[in-house]
Amino acid sequence: MTDTNKKGASARPVFDDDAPASAWTRWRDTEIWHSYSRSPVIVTASVVFVMLVLGALLAPLISPYTPFDPGSLNLMNGFTKPLSANEFTSDFFLLGADDQGRDIFSTILLGLRISLFVGISAVLFAMTLGVVLGLVSGYVGGWLDAVIMRIADIQMTFPSIMIAMLLYGIGKGLTPPDLRDEMAIWVLIFSIGLSEWVQFARTVRGATMVERKKEYVQACDLIGLSRWRIMFKHILPNVTGTVLVIATISLALAIIAEATLSFLGVGAPKTEPSLGTLINVGRQFILSGEWWILLFPSLTLLALALSVNLFGDWLRDALNPKLR
Amino acid sequence: MRKKIVAAAAAGILSVSMAGAASAETLRWARAGDSLTFDPHAQNEVPTHTLAHQMYEPLLLRDMAGKIIPALATDWYATDNGNVWEFKLRKGVKFHGGEDFTADDAVFSLKRAMMPTSDMKELLSSVKEVRKVDDHTLHIETKGPNPLMPNNLTNLFIMDSEWAVENRCAAPQDIANGGDNPCARTTNGTGPFKLVSRVQDQKTVLKRNDAYWGIGIFPMQVTELIYTPIQESATRVSAFLSGEVDFIQDLPVQDLARIAKTDGLDVITAAENRTIFFGLNVGDADLTTDTVQGKNPFADVRVRQAMNMALNREAIKKIVMRNQSLLTGVVMPPFVNGWTKELDAYPAWDIRKAKALMSDAGYGDGFGITLDCPNDRYINDEAVCLAAVGMFAQIGIKVTLDAKPKAQHFPLIKTQKTDFYLLGWGVPTFDSGYIFNFLVHTTTDKMGSWNNTRYTNPELDKKIVGLASETNLTKRNKAIAEIWNTVQGETLYLPIHNQILNWGVTSKIDFQVQPEDIPHIKFLVFK
Amino acid sequence: MLAFIIRRIGQALVVLLAVGFVSFSMFKFMGDPLENLLGQEATMSDRAELAERLGLNDPIVVQYTRYLTRVLDGNLGISYRAGLPVGKIILERLPATLELAFLSGVLAIGVGITFGIYTAIHRDGIITNAIMTISLIGVSLPTFLIGVFLIWAFAVNLDWLPAFGRGPTGNFLGMELAIVTWGGFKSMILPAVTLGLYQMTLIMRLVRSEMQEVLRADFIRFARARGLSERAINFRHALKNTLVPVITVTGLQLGSIIAFAIITETVFQWPGVGLLFINAISFVDIPVMSAYLLLVGTIFVFINLIVDLLYFGIDPRLGPTGGEGRHRA
């Protein structure tokens, strides 16, 4: 989490030339750090988030089983209860096994990896696209601005879930069948990402239009700096805070969008389930008594999205000078 | 005076029992899908037929046990001319609108079902002519002798000819071309229930036809019938558990135990006329979805045998199907003419032997292949495929699973764009010939339209075609056995199981599961 | 003024055209309607003949032009699945979605504004923190899961509310609505809560942050200095200034409520246009799918247009840039 905080802080030019040690001391004096350390909720949220990310990163090392290797599965392990051994195979399962005999604990860790990867990549993609288009739109203006904003309008016309479904359908249709499983994840990233860029573009465009009129930009213009240089070196740093807030909220949205797409049948492949796919599998067993297949993945998703949302919330307030 | 009292008492008793019979017994009924149209010949699909059966009637009916019983025909037999079947029609039957049922209506309806826009025409493809002999006698002449003609009639509904013409539905609704006709929304049949109101995908209300000819023959206890489709299985089961519906179909296997345990709710069960199996492209020289270059691993019978052995059917039955299936080694439910215990036997699960077969065939290192699977058609279809992926992985076959809705899955089979697929096959005629025509005969314009194996065997094709006109049943059955022996010897398909149907009813209902999954509510009894 | 309105409407039309083409051409990839139409006994020649009759073999552009021409004639085509005119089906289904969207909108606005005001006035109280955290849980779970959970809790275990469907309907202003009957209203509660939860959180947070900003503004300080009561300050001055952005966002959210109804309607078997759309996808019913997209597109474009014009009305300076400054929380 500290990592992200530093990034947030680097938006402030003050720190740019400082040596690391003194940066840390000065960082501890900032209002952001105060606001952070004084809120137990947000500290807890970041600890939970870091633990989840670590769990996902170290999944291959921690997980006791290899649920993504179909050859290693034994169907007879299906529906083993949590904290118990299967009556036929004597395999032990911490959080139980699902309908295919996969260890829920291992599958959650590996699924979390996929959900995080999809979510983060989708947001990075949306952010890059949105920031670039927003900058260009706001700074260059004219017909380019009009075209970009009308495309954004069209995009806003369709709800993100619908766009993702459409793109997923096309992407799937265009990929050769033997590459589909590998491509599925990328198509998912692309479609969720593409449905989120407008937020970034609109915000960055608005901020750019405001910045463009400021004296320092006009000064840059006068001394003959190139447009791109002005846009990326001078305007962009000033919108980083806002972009970061949107990115955090978009991350939570992207993770949930992935789960929703699984519900509509267009998520990650069932042989390598993400959290959303797992939840959708578990949903079938809500009435039949195998509660662990639904409960544990849902709690993990909740913990992930909630910690990201809480963090985003706090970040927005912390970066909003009007609220300080 | 005394007499009067007795009479009054008797009248009282009588009126009480009359009230009992006539008291409003409402049945609230839910299943996953709705009827697509009320035009009785426009869609050949089970939920559509199910609702139609409550309002319309065929000449012959498959009852709740799957046995053919008289409906609008009381008697039927092949005449001395082997090509002509004679049907004696029921007398004194009236349509809901009050019109008399005669042979004209039967001729009209069967001819209507043979029109190009009808979805039922393949069932009557052997028919040359339908003739009225007198008001209550009908002749159906086939192009050659067709010993199984009556089997094809059980879902062919009879409508009133004048009413249909008046309502501009002399021809079936042309669904394919976006056609519409009033018969898609209104009905005029002879059946046990009349239509009251309908909103598609939401609610259909029927009420008892008090002029039905079968009153006194069938229980006919339901006076009002409310049908609601509920797609989401969890929502459907919830509605049943919370007492919002009295009768549900398409019960997920995982919820059977809970329903059976719940006070006031029962699960009723019967084997379904449907086999679930994997199909393989055995005919092409090379496959597009595999990782082997220049040859087709499925063309080697040893690979097919190895896969057949690698399938741990018992585990699928126990875990995925929760024991709600009947394992099988042949693509044929036990109801079907031609079924034997020997054919039904499946190879024991034996990974070692399967691996040996794989290396004999030169695929010791395995290969990769894509499996196409529906996810909204059969009971736990996707879970079955997923389980099979793990099982095939154990003999080195790396399967990529591609699961999708039936509307996208079936075209792959019909257009031969899949090399490895899951399919389920029901046999409405209850005869092996139907299976051979669709699944075994070489794919041609008229035959083998669901045979995606690309398997072709001219000698076998000749035998299959010969079945249609073989009137000597002993000879015919012998030919059926021979065809099955070839099919099984080739391991053309990898059968998994026959499905078991489960319906949920409240404890006050006494009902039986119909093997085609078509309940006839007129048989339903309240305890 | 007039030029601005005309330009805006022109742009909206271009957007709609693009929407129509995108939806139509994209769905070409989603499957084959033939299989469902033909049933299991059809042969190859049946297939070819039907494809020809439906014009499915023509180039996409030709098919789209044909579709557009028909749409402009007011004919949205015939559903492959139901065999009925699509316009009629959608009109039949629309009231169900609209009333659901209405109730969840009312819920979202009512509860959202109330909680927003409360949490803005009482910063950092226990109740405020509880409201903020619980509302975050609501947006941290996928809608379908919340719906399934509500059914499990309130229909199956507690047996208080119906698990599915629309219940009885009554006639109101010529429309068949469930909200006017008690049974119908009861069956609306769970889906409306599921659908409105997300928007409720958005509105609540927006009201809270807008109000907090306004409460720090100079004129409020003056008001306080003048000795006005807290109540008067909060409600007469602060809230009033908060409402403009809230109304805008709410307007935009109404569109997304209708769109997100897809998921809620699927979970609750609510017979609206969202469920119609989902059914159409699994049946590859192209006429219904494109009509639905066109409908949602039209509603969004219409709302956008109204919001833009409203902005123009409120503050003419914003006109030429088309209200770009508006929020989208």
Based on the Cα coordinates of segment A:52-123, what is the per residue volume of their convex hull in Å³? 87
How do A:VAL245, A:VAL140 line up, fewest other C-beta atoms within 10 Å first? A:VAL140, A:VAL245
Cα centroid distance between segment C:149-217 and segment B:74-146, in Å? 55
Under a Cβ-Cβ cut-off of 12 Å, what is the net charge of the residues other than A:LEU94 that fall near it, where Lys and Arg count +1 and Asp and Glu count -1? -1
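Semi-axes, largest first, in whole Å: what does sqrt of 5 times each Cα gyration tensor eigenvalue give for chain B?
Sorted largest first and rounded, they come to 44, 29, 20 Å.
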Across the Cα atoms of segment B:168-242, what radius of gyration and what greatest pairwise Cα-Cα distance (Dmax) are found, in Å? 16.0, 44
Place a +1 charge on the Cβ of each Lys and Arg in segment B:197-236 and a -1 charge on the Cβ of each Asp and Glu, then give the dipole magnitude about the Cα centre in debye, rounded to the nearest 20. 40
Helix-derived [θ] at 222 nm for the protein assembly as shown: sum -39500 (n - 2.57) over DSSP H runs of at least 4, divide by residue count, nearest 500? -16000 deg cm²/dmol
By how many nm would the segment from B:ASP210 to B:ALA24 grow when fully extended, if each residue of separation counts as 0.36 nm and the alpha-carbon distance is taken off? 65.7 nm
Just to verify a number: FRET efficiency for B:ASN485 and A:ASP69, C-beta to C-beta distance, R0 = 41 Å, to 0.05? 0.55
Distance in nm between pseudo-label sites at C:VAL106 and B:THR74 (7 Å out along the Cβ direction from Cα): 6.1
Given labels modelled 7 Å from the Cα in the Cβ direction, how far is it in nm from C:ILE137 to B:GLU162? 6.8
Report D for the protein assembly as shown in µm² per second (integer): Stokes-Einstein, Kirkwood Rh on Cα pairs, 37 °C, 0.692 mPa s. 100
After finding the eigenvalues of the alpha carbon gyration tensor for segment A:263-324, what semi-axes result from the square roots of 5 times each, listed largest first in whole Å? 34, 14, 8
With the charge dipole of the protein assembly as shown built from beta-carbon charges (+1 for Lys and Arg, -1 for Asp and Glu) about the Cα centre, the Cα from A:ILE108, C:ALA238, A:SER35 projecting farthest to the positive end belongs to C:ALA238
Could you let me know the centre-to-centre spacing of segment B:427-463 and segment C:76-126, using Cα atoms, in angstrom? 52
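Where in segment B:343-439 are there chymotrypsin sites (Phe, Trp or Tyr not before Pro) that are in a DSSP coil and have at most 16 other Cβ atoms within 10 angstrom of their Cβ?
Values: sites: B:TRP349, B:TYR363, B:PHE367, B:TYR378, B:PHE392, B:PHE420, B:TYR421, B:TRP425, B:PHE430, B:TYR434, B:PHE436, B:PHE438; in loops: B:TRP349, B:TYR363, B:TYR378, B:PHE430.
The qualifying sites are B:TRP349.
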For the protein assembly as shown, the charge dipole (Cβ of Lys, Arg +1; Cβ of Asp, Glu -1; about the Cα centre) points to a positive end, and the Cα of B:ALA234, A:VAL281, C:LEU228 closest to that extreme belongs to C:LEU228
Calculate the FRET efficiency for C:ALA130 and C:LEU91 from the Cβ-Cβ distance with a Förster distance of 51 Å, rounded to the nearest 0.05. 0.70
Going by alpha carbons, how many degrees (0 to 90, nearest 10) lie between the helix axis of B:351-360 and the longest principal axis of chain B? 50
How big, on average over all directions, is the shadow cast by the Cα convex hull of segment B:307-397, in nm²? 6.8
Segment A:222-247 residues near the modelled A:VAL210 label - backbone nitrogen below 17 Å, point 7 Å along Cα→Cβ: A:234-247
For segment B:18-177, with +1 on Lys and Arg beta carbons and -1 on Asp and Glu, the positive-most of B:ASN83, B:THR37, B:TYR56 along the dipole: B:ASN83
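So what's the net charge close to B:TYR421: Lys and Arg +1, Asp and Glu -1, counting the other residues with Cβ under 10 Å from its Cβ? Present the calculation step by step, with values, prior to reporting the outcome.
Details: positive: B:LYS417; negative: B:ASP372, B:ASP402, B:ASP419.
For residues surrounding B:TYR421, the net value is -2.
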Could I have the simple spin-label model distance between B:VAL525 and A:SER84, label points 7 Å from Cα toward Cβ, reported in nm to one decimal? 4.0
Shape metrics for segment B:54-176, restricted to C-alpha atoms - Rg then Dmax, Å: 13.9, 40
Which FRET efficiency value, to the nearest 0.05, is calculated for B:LYS341 and A:LEU124 with the Förster distance at 51 angstrom and r the Cβ-Cβ distance? 0.25
Rg(Cα)/(2.2 N^0.38 Å) for segment A:101-153, N = residue count: 1.87
√(5λ) per eigenvalue of the Cα gyration tensor, segment C:97-239, largest first, Å: 36, 19, 11
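We did not get these values from a lab; they are worked out from the coordinates using the rules stated. Please read all numbers here as calculations on a predicted model, not as lab measurements. Virtual Cβ from ideal backbone geometry, glycine too; neighbours counted across all protein chains shown.
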